[in-house]
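To start, the structure under review is shown below, and the notes come after it.
The values are calculated or read from the model by the stated rules, or taken from the named source; none is laboratory data. Quick caveat, the model's predicted, so the values are computed rather than measured. We place every Cβ from the backbone using ideal geometry, glycine too, and count neighbours over all the protein chains shown.
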Amino acid sequence: MLKTNDLCYSAIENDVEKRILHNINLSFADNKIYVITGQNGSGKSTLLKIIMGIIHQSQGDVFYDGKNISNLSIYERSKLGISFAFQQPVTFKGIKVKDLLNIASEEKLNLAGMCEILSKVGLCAKNYIDREINDKLSGGELKRIELATVLARKAKINMFDEPEAGIDLWSFENLTTLFKDMDNSINIIVSHQRKILEIADEIIVMKDGEILLKGEKDDVLPMLSNSSCGRLRG
Ligand SMILES: Nc1ncnc2c1ncn2[C@@H]1O[C@H](COP(=O)(O)OP(=O)(O)OP(=O)(O)O)[C@@H](O)[C@H]1O
Ligand SMILES: [Mg+2]
C-alpha cells in the first residue's frame with residue numbers, strides 16, 4: 001500500500017509562491033491499476049515526481065507499506081521497488097539499450113530475456129539492443145525503450161507518466177495489454193486516453209493541484225464523458 005498524506009507542493013516563481021499541489025490524500029492498494037487524469041498543468045507529473053523523490057513536497061508525507069519514505073533519496077526509493085517512466089523520456093549518451101536494460105534488471109539479462117521485454121513494447125531486439133539511447137531514436141522509440149526498462153525492473157510500484165505519448169494508434173492494444181498483465185504490482189498511470197482509463201481499477205481526476213474526483217472506474221468514467229474536467233482523447 002502506497003499512501004500520500006496531505007501532500008502540498010509550492011514553487012517560487014518571480015519571487016511569488018505558486019501553489020502547485022494542495023492536500024493530496026491518496027491510497028494505492030497492491031495489485032491495482034490507478035489512472036490519474038486531468039487538465040494540463042493540474043499537477044499530475046508533480047505528484048509522481050514527489051512519490052519518486054525527484055522533487056520534495058513542501059508539506060505532507062509519503063508512506064509505503066506503513067513506512068514514511070519522505071526523506072528517502074530516489075535511489076533508496078528505487079531499491080524499495082518504486083519505478084518511474086518520465087513523460088519526456090531521458091536520453092543517455094554513450095549507453096546502449098542493452099546496457100540500460102541490464103542496469104534496470106536485478107539479474108543479468110541474456111538475449112532471449114531482452115528480446116522478451118522489448119517485444120512486449122513492440123520493438124525487435126536485434127534492431128535495438130546495440131543502439132545508443134540518444135536523440136537519434138524517435139520519440140515513440142524512446143518512449144517504448146523507457147517502458148521496457150520499467151518492465152525489466154520488475155518493480156513493486158510502477159508509475160508511468162503519459163505512456164501513450166508518441167505511441168502510434170496501431171500499438172495501443174499492445175500497450176493496454178501490457179498494463180493489464182502487470183497485475184502483481186501497484187501501477188499508477190497518468191493518461192488522457194480513454195483506452196487507458198478503461199483498464200483502470202480506479203480513476204483519479206486532478207484539477208488545479210487538487211483531487212477533483214476519485215473512485216471506481218465504472219463510477220468515474222461516465223462522469224468524465226460528460227464533463228470538461230478530463231479532456232479525454234480517443
Ligand atoms: N518548479 C516549478 N516552478 C514553477 N511552476 C511549476 C514548477 N513545477 C511545476 N510547475 C507548474 O505546476 C503546474 C503543474 O505541473 P505538472 O507538470 O505537474 O502538470 P501536469 O498535470 O503533469 O500537466 P500535463 O498534462 O501538461 O503534463 C504547471 O502549471 C507547471 O507549470
Ligand atoms: Mg505531466
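Give me the residue from segment 180-206 that is closer than 17 Å to VAL121 by Cα and crowded, with 21+ Cβ neighbours inside 10 Å and, out of that set, nearest to ligand 2 (Cβ to nearest atom). Among them, the one singled out is ILE189.
Using the structure shown, decide if ILE36 is near ligand 1 (Cβ under 10 Å from one of its atoms), part of a strand (DSSP E or B) and over 13 Å from ILE188 (Cβ atoms). Before the answer, list the steps.
Values: near ligand 1 (Cβ under 10 Å from one of its atoms): yes; part of a strand (DSSP E or B): yes; over 13 Å from ILE188 (Cβ atoms): no.
No, not satisfied.
Yes/no per residue for (1) of a type in the set (A, V, I, L, M); (2) closer than 19 Å to ALA155 by Cα:
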{"residue": "ILE55", "(1), (2)": "yes, no"}
{"residue": "GLN59", "(1), (2)": "no, no"}
{"residue": "PHE63", "(1), (2)": "no, yes"}
{"residue": "LEU80", "(1), (2)": "yes, yes"}
{"residue": "ALA85", "(1), (2)": "yes, yes"}
{"residue": "GLU107", "(1), (2)": "no, yes"}
{"residue": "GLY113", "(1), (2)": "no, yes"}
{"residue": "LEU123", "(1), (2)": "yes, no"}
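For residues in segment 2-33 being of a type outside the set (S, T, N, Q) and at positive phi, which is nearest to ligand 1 (Cβ to nearest atom)? Step through it out loud before you land on a result.
First, the residues of segment 2-33 that are of a type outside the set (S, T, N, Q): 2-3, 6-9, 11-13, 15-22, 24, 26, 28-30, 32-33.
Restricting the remaining residues to those that are at positive phi gives 6, 15.
Numbers: ASP6: 18, ASP15: 12 Å.
Filtering segment 2-33 for residues that are of a type outside the set (S, T, N, Q) and at positive phi, the one nearest to ligand 1 (Cβ to nearest atom) comes out as ASP15.
Considering every residue within segment 24-33, establish whether at least one is surrounded by 17 or more Cβ atoms within 10 Å (Cβ to Cβ) and of a type in the set (Ser, Thr, Tyr). The answer is no, given that none of the residues of segment 24-33 is surrounded by 17 or more Cβ atoms within 10 Å (Cβ to Cβ) and of a type in the set (Ser, Thr, Tyr).
Tally time: how many residues in segment 40-69 are among the polar types (S, T, N, Q) and either in contact with a Gly (Cβ under 8 Å, 6 or more places away or on another chain) or buried (at least 18 other Cβ atoms within 10 Å of the Cβ) (or both)?
Looking only at segment 40-69, we keep the residues that are among the polar types (S, T, N, Q), and these are 40, 42, 45-46, 57-59, 68.
This time we only want the ones that are either in contact with a Gly (Cβ under 8 Å, 6 or more places away or on another chain) or buried (at least 18 other Cβ atoms within 10 Å of the Cβ) (or both), so: 42, 45-46, 57.
Total satisfying the criteria: 4.
The single condition from (1) small (Gly, Ala, Ser); (2) within 16 Å of VAL121 (Cα to Cα); (3) assigned to a loop (DSSP other than H, G, I, E, B) that ALA148 fails is (3). The listed residues are ALA112, ALA85, ALA165, and the only one of them that is modelled with pLDDT under 90, among the hydrophobic types (A, V, I, L, M, F, W, C) and out of contact with any Gly (no Cβ under 6 Å at 6 or more places or on another chain) turns out to be ALA165. ILE74 - would you say it is modelled with pLDDT under 95, out of contact with any Ser or Thr (no Cβ under 7 Å at 6 or more places or on another chain) and more than 25 Å from VAL205 (Cβ to Cβ)? So ILE74 fails the test.
Listed by first and then second residue, the pairs with beta-carbon distance under 9 Å, at least 6 apart or on different chains, first residue in segment 105-126 and outside the structural domain of MET182 (by TED's automatic domain parsing) and in contact (Cβ under 8 Å) with a residue 60 or more places away in the chain, second loosely packed, with under 13 Cβ neighbours inside 10 Å and among the hydrophobic types (A, V, I, L, M, F, W, C), form an empty list.
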